[in-house]
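Below: the structure, in structure tokens.
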Amino acid sequence: MQASGAALLEQLVGFPSVVGTPNDGLMQFVADYLRKHGMPFHLLKGPEGDRYNLFATIGDASRPGYILSGHVDVVPAGEPEWLGDPFVLRRDGGRLIGRGSCDMKGYVAAVLAAVPELVGMELSAPVHIALSYDEEAGCRGVPHMIAALPDLCAPPLGCIVGEPTGLVPVLAHKGKAALRLVAEGRSGHSSRPDQGDNAIHALLPALSVARKQAEALREGPQDDRFAPPYSSLQIGTVQGGQALNIIPDHAEASMEARAIAGVDPKTLLAPVMAALGPGVRGEWLSTYPALSLEADHPLAALAAHISGHEPLGAVSFGTEAGLFQQAGIASVICGPGDIARAHRPEEYLTEDELAGAIAMILALGRHLAS
């Protein structure tokens, strides 16, 4: 009996695949499902040793085809506003509630639900399924899969990344770089600051530069496709110190820069790196490039055809699509749900949205079979 999209989503949500944790149980579930339908696949172990990417193909992998890409990790679900276990799918009317239902296990469920019909089609070009890990930590897993693609398939014609866009194709997004500053000092009694080194104080010059850089970027290059239309920088966390009367011997700050298309996000943080003083070091946490697909690219037209929606110029959140594009694979973002529901308690996808995503994927199959 063919599994429904909702039943598959229920299974996927049931795996608490929080970013940075093992995902072998979920990936084995997907692998078993694909095996039942006769699909060849590759489980690709990441360097962490306990997390996997998965790449599978319907059709002839030696011919150029299309990638359906999604990540299986989710953000933590510790918010008290959840009305039930976030890792047990709940139905409320037409809503399917659970962590990751919208971002983005709903798309993954739609892809899997379409598999039985896709494998029965005579496809002129293959359809690939690419599932990645640790996207929520800055797209850490997918680069390893992208690096393996030349050994797995012919150069793809395009990639559809199914982040929640209301099934409206999105042609561009900002790039991102995340940086952590770590300061080491020497503790002591606060009454004798001359006998210690205050780690928090050591961070202040770089933090001051970060603030000035954030303000300067408002007047920098503009791209009206984005909101805001400029590159941005923000300090997200600052931690340090044990007590008011102890000189802090350790302090950390994390910050991110989001870059409009055509701007390397790392360069936005270069002034901060240049301002690091003695005892302070910078550690890159993650980086991924912006996406920018031309409006007249064949992939944009294909995405519009199978989704039934005209493309949207850009969104400000980031995805793995920029990394696929950087590797020479034209990419577009198009998936079910609304990004405003992501990373929030009571996250949900509607049954109609899930059905719409399945219909879009099957429309791709029919297009390739025509």
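Read-outs: derived from the displayed coordinates by stated rules, not from any lab. Being a predicted model, the structure only gives us computed values, none of them experimental. Cβ atoms come from the backbone with ideal geometry, glycine included; neighbour counts cover every protein chain shown.
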Q: Need at least 2 residues that are over 19 Å from the mean Cα position of the chain (by Cα) and on the phi > 0 side of the Ramachandran plot per element, so show me which strands (runs of 3 or more DSSP E) inside region 19-88 make the cut, counting only ones lying wholly within it.
A: none
Q | Tally, over region 204-226, of residues that are of a type in the set (D, E, K, R) and outside any helix (DSSP H, G or I) | A | 5
**Q.** Boolean, L323 is among the aliphatic types (A, V, I, L, M) and either buried (at least 20 other Cβ atoms within 10 Å of the Cβ) or closer than 22 Å to L179 by Cβ (or both)
**A.** yes
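Specify which of the listed residues (H309, H367, H305, H343) is closer than 30 Å to Y230 by Cα and more than 21 Å from the chain's Cα centre (by Cα).
Values: H367 fails: closer than 30 Å to Y230 by Cα; H305 fails: closer than 30 Å to Y230 by Cα; H343 fails: more than 21 Å from the chain's Cα centre (by Cα).
The conditions single out H309.
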Q. For region 280-370, list the strands (runs of 3 or more DSSP E) that sit wholly inside it and hold at least 2 residues that are hydroxyl-bearing (S, T, Y); which are they?
A. 280-288, 348-350
**Q.** Output for region 140-164, where each listed residue is surrounded by fewer than 24 Cβ atoms within 10 Å (Cβ to Cβ) and in a strand (DSSP E or B)
**A.** G158
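Okay, residues lined up against (1) of a type outside the set (A, V, I, L, M); (2) in contact with a Gly (Cβ under 7 Å, 6 or more places away or on another chain):
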| residue | (1), (2) |
| --- | --- |
| A227 | no, no |
| S231 | yes, yes |
| T237 | yes, no |
| E256 | yes, yes |
| P278 | yes, no |
| E283 | yes, no |
| S286 | yes, yes |
| A303 | no, no |
| I306 | no, no |
Q. Out of (1) out of contact with any Pro (no Cβ under 6 Å at 6 or more places or on another chain); (2) of a type in the set (G, A, S); (3) buried (at least 19 other Cβ atoms within 10 Å of the Cβ); (4) closer than 27 Å to A110 by Cβ, the odd one out for A359 is which?
A. (3)
